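Notes follow once the structure below has been shown.
The values are calculated or read from the model by the stated rules, or taken from the named source; none is laboratory data. Here the structure is a predicted model, which means the values were calculated and not measured. Cβ: placed from backbone, ideal geometry, glycine included. Neighbour counts: every protein chain shown.
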């Protein structure tokens, strides 16, 4: 059921407010944005006016009464609910207002246990308010609370006796997170927050975003890391290293360990919000099985890995790489760089491959997820990134979410989409599963996996038929319209719906909602790209934005592509690709290659290198002899696991950097202990092309080193100098060679904050919204694509009648190497296979039973979870648990343009185990 929209009277600001109001606070002139509250203006003026029920991220309530002020000498008013107006005179020290506020605060204190006022002031707004008024006790006396403490959740502790029923947590859960898991129960003195229906917190619908903990003014909701009264040693601001949203986080450190992580209020991307992984899942940094020393094998793969010194390990790698390069040439070596590494580390990795190993055989995991985005967006618009800033979502009146499950894979994005829907935007969801956002959607197109091109062609045809095409925009700023129109003759809604396995009605409604919108936005994910025809899916999806004139203009919110890992955008931006140098400059262009060769002092190879799947094929056929893997667990995350294992076994040398002994590390000859994102200096690029700083909050454990340090040390062992002694120097060198990043530097980011690329000079602000003047294609026009629907690489048949779709679940991230080493494991302790109840009944399976899943390549056993979120004939799971090697099932079918694997369509059979 769709949630009720919020009362427009309490809607937060949707568009930037430019009108400023002048007033005075305690005689001091203040300017405040029109529509803001007196409390916000007073705090901006430096007044520590308390407001125990107030949080600027949620709608005001005015219930605690401790923010009372006088206006123009009149009676006291609640400053959190009263908007500013021109010329008003506010007094926060008015005796009547201050006296009434003090009485209200003493009433609250009278209900609190003594321990409430013993909480450190920096962790309790209630304590700070009492200090402001000089309150150490209360003149009111009555019954106290004796309610229990709920410690059932690994991250959230509820001390009910400390609850003052301010409602901030409830509003945060509803208005910011959009989960509606919390409510107030009881009446009067007995009112208290409850989760779900009042059961233990761990059993509630809470998604552990931490918003309730972050907003609680008393410590009633708290996290274990901040309960220790010992002081925090330091706090460091950095960028989250989980998904590609790029949330700004504050890392609080005590005794060289993370005590807590909190979201940065006012941060441009997350605005003081976070998710369960970024907020709480940091225990992996000091996991007992963290790699802290290099490991090498003495005599071949059959011998065990043993601890070694850095000198031994680096010498072994340098000697063996040199031997392979000198005997077979650089093309016998391949490197897989990391979407978890910083931009500077990826820049150094591709430079190492090209100048030290003398090969273009370098790729990164964007090949396996968003390479169709890079190819498709470049072909359509001219650049390999999303077209608009995330903030543009705030003005979207219709959001089309296709092939993405943001509430689980990108929770901060999912929450913002919910906010917009609650504020009045329409929502279209196109996905094979009934994901969480479907409960907020106006229409759900539950298309068959692999049918994206048919769906988007059908919607495009409906846009044409119903007059929803911006003819002026198409005529003046696009190419390919006639060819597309001709193709779309074959895609009336009835045929498109038939190809997609859906009823025509929701498809028509999706076209109507998107087509009639004034400022529509498209948000898409791996459900569009990870297909045999993934690039065609991106091209036909971008057709919709082009036909509407909703990209490259102020009248639309463009196309946002949700990136999976924290720096999957940046890894490609930095040139960790076999055919492209930094900034997507083609390796085959002599002028560009010459510029890099001169700067690096080494001739850059001219022939494009191998893509990841081609590396595996080359290894098994004897053409590739050494594989160097940085921070990727290819033996768990890449498709057709047996093929990957065979490739690793065929190589003379396998080297990997990682935090833990991964499945890939188990096949390696040398394993080098790497630093995590919390221990690094550099930058990441998020899904909206925003370049953000990463600062080290912790020292690396043991002898672990950053990838940046490792590459430098290895190059030195191979008698090479990579230059760029620091990450800042690496970014500076990249900027000097790459017009897209010419204006980006560490110093500038530290002074000004994040910048969007392209940023073409130090005096340029960066382009958050692209193509307002012209598109970056050769002719300056957006290119419409006439792409026919073609079936996926695998089809179900009598032997393999089910379709397996893979993706992510909220508590875990990618291979799970980090999240499984945190209390997130308590939230999701094992992998399951989602199965429709009707299919389960036909197979004789009950919830929790084991089922053997067989594909054309392998078989894996899963416990089943019965749910109607999957369609009949389809199953869903992830690959976060090594004991359930999902990718042993997936195929090596790949996008015909980019080589991106078809993770989203695997034909399987099910048999009770």
Worksheet entry | Which listed residue, of 219, 241, 196, is in contact with a helix residue (DSSP H, G or I) (Cβ under 8 Å, 6 or more places away or on another chain), surrounded by 22 or more Cβ atoms within 10 Å (Cβ to Cβ) and at pLDDT below 95 | 219
Worksheet item: With respect to residue 93, is the statement that it is surrounded by fewer than 15 Cβ atoms within 10 Å (Cβ to Cβ), assigned by TED's automatic domain parsing to the domain that holds residue 24 and part of a loop (DSSP other than H, G, I, E, B) true?
Response: yes
Worksheet item: Being closer than 21 Å to residue 62 by Cα and surrounded by fewer than 19 Cβ atoms within 10 Å (Cβ to Cβ), is that true of even one residue in the range 107-127?
Response: yes
Discussion item. Can you tell me which of (1) touching a strand residue (DSSP E or B) at 6+ places or on another chain (Cβ under 8 Å); (2) crowded, with 24+ Cβ neighbours inside 10 Å; (3) in a helix (DSSP H, G or I) is the one residue 536 doesn't meet?
Written reply: (1)
Practice prompt. Go through the range 558-663 and tell me which helices (runs of 4 or more DSSP H), entirely inside it, have 1 or more residues that are crowded, with 23+ Cβ neighbours inside 10 Å.
Written response: 568-573, 612-620, 634-637, 641-650
Item to complete: Any chance you could count how many residues in the range 57-86 are under 44 Å from the mean Cα position of the chain (by Cα) and more than 21 Å from residue 184 (Cβ to Cβ)?
Response: 9
Discussion item. Going by what's in this entry, would residue 411 be described as closer than 28 Å to residue 814 by Cα and under 17 Å from the mean Cα position of the chain (by Cα)?
Written reply: yes
Worksheet, complete the sentence: The residue from 437, 507, 541 that alone is closer than 21 Å to residue 905 by Cα, touching a strand residue (DSSP E or B) at 6+ places or on another chain (Cβ under 7 Å), in the same structural domain as residue 421 (by TED's automatic domain parsing) and part of a helix (DSSP H, G or I) is 541
Discussion item. Return the residues of the range 291-304 that are in contact with a helix residue (DSSP H, G or I) (Cβ under 8 Å, 6 or more places away or on another chain) and surrounded by fewer than 20 Cβ atoms within 10 Å (Cβ to Cβ); say none if nothing qualifies.
Written reply: 301
Fill in: Verdict on residue 128 being in a helix (DSSP H, G or I), closer than 19 Å to residue 215 by Cα and either modelled with pLDDT of 90 or more or outside the structural domain of residue 415 (by TED's automatic domain parsing) (or both)
yes
Item to complete: Select, from 716, 692, the only residue that is assigned by TED's automatic domain parsing to the domain that holds residue 325 and touching a strand residue (DSSP E or B) at 6+ places or on another chain (Cβ under 7 Å).
Response: 692
Discussion item. If I go through the range 141-199 residue by residue, how many of them are closer than 21 Å to residue 423 by Cβ and assigned to a helix (DSSP H, G or I)?
Written reply: 10
Worksheet item: Mind checking which residues of the range 733-749 are touching a residue at least 40 places away in the same chain (Cβ under 8 Å) and surrounded by 13 or more Cβ atoms within 10 Å (Cβ to Cβ)?
Response: 733, 734, 737, 738, 739, 740, 741, 744, 746, 749
Discussion item. Consider the range 232-261. How many of its residues are part of a loop (DSSP other than H, G, I, E, B) and under 21 Å from residue 631 (Cβ atoms)?
Written reply: 7
Discussion item. I'd like to check something: does the range 860-867 contain any residue that is in a loop (DSSP other than H, G, I, E, B), closer than 17 Å to residue 408 by Cβ and over 24 Å from the mean Cα position of the chain (by Cα)?
Written reply: yes
Worksheet item: Given the conditions (1) touching a strand residue (DSSP E or B) at 6+ places or on another chain (Cβ under 7 Å); (2) buried (at least 22 other Cβ atoms within 10 Å of the Cβ), which single one is not true for residue 817?
Response: (1)
Discussion item. Take the conditions within 27 Å of residue 787 (Cα to Cα) and in contact (Cβ under 8 Å) with a residue 40 or more places away in the chain and apply them to residue 429. Does it pass?
Written reply: no
Worksheet, complete the sentence: By residue number, the members of the range 841-859 that are in contact (Cβ under 8 Å) with a residue 60 or more places away in the chain, within 13 Å of residue 909 (Cβ to Cβ) and assigned to a loop (DSSP other than H, G, I, E, B) are 856, 857, 858
Worksheet item: Looking at (1) in contact (Cβ under 8 Å) with a residue 40 or more places away in the chain; (2) out of contact with any helix residue (DSSP H, G or I) (no Cβ under 7 Å at 6 or more places or on another chain); (3) farther than 30 Å from residue 487 by Cα, can you tell me which one residue 752 breaks?
Response: (1)
Worksheet item: Which of the following residues is buried (at least 24 other Cβ atoms within 10 Å of the Cβ), in the same structural domain as residue 399 (by TED's automatic domain parsing), in contact with a strand residue (DSSP E or B) (Cβ under 9 Å, 6 or more places away or on another chain) and in contact (Cβ under 8 Å) with a residue 24 or more places away in the chain: 473, 456?
Response: 456
Worksheet item: Using beta carbons and a limit of 6 Å, which pairs, at least six apart or on different chains, have the first residue in the range 183-205 and at positive phi and the second one outside any strand (DSSP E or B) and buried (at least 18 other Cβ atoms within 10 Å of the Cβ)?
Response: 196/204
Worksheet item: Is it fair to say residue 443 is within 30 Å of residue 178 (Cβ to Cβ), without any contact (Cβ under 8 Å) to a residue 60 or more places away in the chain and in contact with a strand residue (DSSP E or B) (Cβ under 9 Å, 6 or more places away or on another chain)?
Response: no
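Listed here are the residues, each with its yes/no results for (1) farther than 24 Å from residue 110 by Cβ; (2) in contact (Cβ under 8 Å) with a residue 40 or more places away in the chain; (3) crowded, with 18+ Cβ neighbours inside 10 Å.
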| residue | (1), (2), (3) |
| --- | --- |
| 45 | yes, no, yes |
| 50 | no, yes, yes |
| 62 | no, no, yes |
| 66 | no, yes, yes |
| 70 | yes, no, yes |
| 74 | yes, no, no |
| 79 | no, yes, yes |
| 85 | yes, yes, no |
